[in-house]
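Student: For reference, the structure I am asking about is given below.
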Amino acid sequence: MKPDDLCPRPVAPPESSTSPLADAIQLSTVWRCDDPAQADALLSGQSAGYVYRRDRHPNADALAEKCRLLHEAERAAVCASGMAALATILLSQCQTGDHVVVSDQLYGRTQTLFVSEAARLGITATLVDACDSKAVASAFRPNTKLAIVETIANPTLRVCDISALADLCHQRGARLVVDNTFASPAVFRPLASGADFVMESLTKIMNGHSDVLLGLIAGREAVWERVPGTLATFGFVANPLECWLASRGIGTLALRVERANANALAVARHLEKANGVASVRYPGLESHPDHALARRQFGEHFGAIVTFSLAGGIDAATRFIRATRIPFAPSLGELETTLSHPQSTSHRAVDKATRKRLGIDPGMIRLSVGIESPEFILAALDEALAAV
Ligand SMILES: *Cc1c(COP(=O)(O)O)cnc(C)c1O
């Protein structure tokens, strides 16, 4: 055969009577079909198999299956990012004329999606304090399709009662969507408490290695019908290499969460006694307003995020951030401890009055506690506090 004719064709993989311990990476964008009847059966979903990567591919399916098992969900899918997962939920469940109930403590872009972008599609929204069940109950309208909340809100770390919210939604014919990014299934499984959809930014704790952008949607069979079609039609498909990396990252999820959560509790207790610290928020502390609820929902795990406020305001926060070895990296769930400054990053777009109402002050720092030794993290914090 001439090189020109040989090179464009794939060669058969070498034979082996053994099977690999690591997953394969499958980058093919298209699969070869036998005949029109088979192509028709595959594309209509009558028979199982891959045809075109945007619709389905093996690395996304393998990762989704791992996440499905972790959440004990009936169905799961992964998308290109956490925002793609949220967009898939909005676009698959709502249409013009519908209404959504939206927690007033959501990730900034989630609020933009469910309020401003939804409004452009003729979907209206009511913002509500998800920790106030009376306020939530009165926000429903006859056309309410969804309510969306976060298990642990950013950066206040308020915890809401998922089974009470699920009951409220179901009494009114609406579906509950829970963003579980700050918890992960190692801390909490919202579907077991009655949520209809759980979504997570796999970019954060689930992958855990700061090198992948992906999102997860999991849910019950009864709500799933439009999800795969919306995901494929809007082109929210996840990249196979990133799915492979996240699958590897999730291999250590339980160990990472165990260590990071224990570290976070030690950090929170340490900061409570530290000079120059005005307040500390962590759901595992008895002083947290939702501590009893958090214990009932999560058991012994309270997440890896700790928020504290320096008494000296923005000047103290700036000195702390400039002095510390802990990277100022506005994300979370990394292997190493990182910090963020909500006022200048995640909550930049929130107006002053709302920030004040939520309790977000200029001296507030949010820690994402990593898996280093507790001694290392406490020493790094003390060193920076001494510079304040
Ligand atoms: C990061 C994040 C998202 C968005 O996920 P991406 O993967 O960055 O698109 C949504 N919700 C929460 C709580 C997040 O932290």
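Please treat every number below as a calculation from the coordinates, not as lab data. Nothing here was measured: the structure is a model prediction, and the numbers come from that model. Quick reminder, even Gly has a Cβ in these numbers, built from the backbone with ideal geometry, and neighbours come from all protein chains shown.
Student: Please compute the alpha carbon radius of gyration of the chain, then divide it by the globular-protein estimate 2.2 N^0.38 Å. Two decimals is fine.
Tutor: On the way: Rg = 22.7 Å, N = 388, 2.2 N^0.38 = 21.2 Å.
After normalising by residue count via 2.2 N^0.38 Å, the value is 1.07.
Student: Placing unit charges on C-beta atoms (Lys and Arg positive, Asp and Glu negative, everything else neutral), compute the dipole magnitude of the range 217-333 about its Cα centre in debye, rounded to 20. Provide the component values of the computation, followed by the final result.
Tutor: Numbers: 13 positive and 9 negative charges, 66 e Å.
It works out to roughly 320 debye.
Student: When the label point is put 7 Å from the Cα of ASP23 along its Cα-to-beta-carbon vector, which residues of the range 32-51 have a backbone N closer than 17 Å?
Tutor: Answer for the range 32-51: 50.
Student: Counting other beta carbons within 10 Å of each residue's own, what order do PHE234, PHE182 fall into, fewest first? Could you put the intermediate results ahead of the total?
Tutor: Values: PHE234 16, PHE182 27.
The most exposed by this proxy come first: PHE234, PHE182.
Student: Additional query: Using +1 on the beta carbon of Lys and Arg, -1 on that of Asp and Glu, and nothing else charged, what's the dipole of the range 124-171 about the Cα centre, debye to 20?
Tutor: Details: 4 positive and 5 negative charges, 35 e Å.
Here the size comes out at about 160 debye.
Student: Computed over the Cα atoms of the range 107-161, what is the convex hull's projected area averaged over all directions, in nm²? Working shown, then result.
Tutor: Values: hull surface 15.8 nm².
Quarter of the Cα hull surface area: 4.0 nm².
Student: Of LEU63, VAL30, TYR52, which is farthest on the positive side of the dipole of the range 1-71, counting Cα position, with +1 on Lys and Arg Cβ, -1 on Asp and Glu Cβ, and the Cα centre as origin?
Tutor: LEU63
Student: Order of LEU335, LEU241 from fewest to most other C-beta atoms within 10 Å?
Tutor: With the sparsest Cβ surroundings first, the list reads LEU241, LEU335.
Student: Pop a pseudo-label 7 angstrom from the Cα along the beta-carbon direction at both ASP167 and ARG322 and give the gap in nm to one decimal.
Tutor: My value for the distance between the label points is 5.3 nm.
Student: Pick from GLU334, GLU221, GLU15: which residue has the top mean-square fluctuation in a GNM of the chain where Cα pairs under 10 Å get a spring?
Tutor: GLU15
Student: For an R0 of 30 angstrom, estimate the FRET efficiency from the Cβ-Cβ distance between LEU255 and ALA353 and round to the nearest 0.05. Walk me through the numbers before you get to the answer.
Tutor: On the way: r = 43 Å, r/R0 = 1.42.
With a Förster radius of 30 Å, E is 0.10.
Student: Subtract the Cα-Cα distance of GLN38 and HIS291 from 0.36 nm times their separation in residues, and report this length gain in nm to one decimal. Intermediate results must be reported in sequence, preceding the final value.
Tutor: On the way: separation 253, 0.36 × 253 = 91.08 nm, distance 5.60 nm.
Here the answer is 85.5 nm.
Student: I would also like to ask the following. With an 8 Å cut-off on Cα pairs and a minimum separation of 6 or more residues, tell me the relative contact order of the chain in percent. List each step's numbers first, then the result.
Tutor: On the way: 732 pairs, mean separation 60.6, N = 388.
Taking the mean separation of contacting Cα pairs over the length of the chain, I get 16 percent.
Student: While we're here: Sort VAL350, VAL178 by Cβ crowding within 10 Å, fewest neighbours at the top. List each step's numbers first, then the result.
Tutor: On the way: VAL350 18, VAL178 29.
Starting with the residue having the fewest Cβ neighbours, the order is VAL350, VAL178.
Student: Roughly how many debye, to the nearest 20, is the charge dipole of the chain about its Cα centre, given +1 on each Lys and Arg Cβ, -1 on each Asp and Glu Cβ, and no other charges? Can you show the working numbers first?
Tutor: Details: 38 positive and 41 negative charges, 188 e Å.
In total the dipole reaches around 900 debye.
Student: Straight distance only, please: which lysines reach the Cα of LYS145 with their own Cα at less than 27 Å, same-chain residues fewer than 8 apart left out?
Tutor: Candidates past the 8-residue exclusion: LYS134.
Student: Rg (Å, one decimal) plus Dmax (Å, integer) for the alpha carbons of the range 41-186?
Tutor: Cα only, the range 41-186: 16.6, 50 Å (Rg, Dmax).
Student: In percent, what relative contact order does the range 76-186 have, based on Cα pairs under 8 Å that are 6 or more apart in sequence?
Tutor: Working: 168 pairs, mean separation 27.9, N = 111.
Relative contact order comes out at 25 percent.
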